[in-house]
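Reviewing the structure listed below.
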Amino acid sequence: MKQTRIALALIAAVALVGCGGETPDDLANFYVGQWSGAWAGAAGRDTGALSMIVAIDGALTGSFSRDSDGLSGGITGTVDKDGEFTGIADFATGSDYTLEGAVTRDGTNLVATFTYDSGTRTEAAQATLIKPGS
């Protein structure tokens, strides 16, 4: 009888642990992988390339370039399980962009709708990203 109670207590504890909270696998699993494509500002002044890798924990790393001046830099940030993201595009000249927006899945592509803030102006932009080999 005592062994049965102990066994039931262990089963209940395992069940409770298994139901609680998010695991890293839950966070950005929908968006995980390597993505690349072109981005364009809504005002038509800025365009460029965006390449990123989203890790299973939602960490985002990659590169971001601007066609207007040929600059490129690194991008770091996070994507949450709902597709909301924030990041920094770090250009060597110090004219960094703060990025905020959302990514959604469109078939096999990701569509990123975001704002970029250079410190002197904030503009809306969009990028369509594909997985290499898709």
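The values are calculated or read from the model by the stated rules, or taken from the named source; none is laboratory data. Please read these numbers as outputs of a predicted model, since none were measured by experiment. Virtual Cβ from ideal backbone geometry, glycine too; neighbours counted across all protein chains shown.
Points worth noting:
- Among the residues of region 90-134, those identified as aliphatic (A, V, I, L, M), in a strand (DSSP E or B), more than 20 Å from ILE56 (Cα to Cα) and more than 13 Å from the chain's Cα centre (by Cα) are ALA124, ALA125.
- Residue match in region 15-30 (condition: in contact with a Lys or Arg (Cβ under 7 Å, 6 or more places away or on another chain), within 19 Å of LYS131 (Cβ to Cβ) and modelled with pLDDT of 75 or more): no
- Among the candidates ILE88, ILE75, residue that is surrounded by fewer than 19 Cβ atoms within 10 Å (Cβ to Cβ) and not small (Gly, Ala, Ser): ILE88
- Members of region 45-69 that are surrounded by fewer than 17 Cβ atoms within 10 Å (Cβ to Cβ) and within 16 Å of SER118 (Cβ to Cβ): ARG45, THR47, ASP67, SER68, ASP69
- When region 91-100 is limited to residues that are at pLDDT below 90 and not acidic (Asp, Glu), the one that is surrounded by the most Cβ atoms within 10 Å (Cβ to Cβ) turns out to be TYR97.
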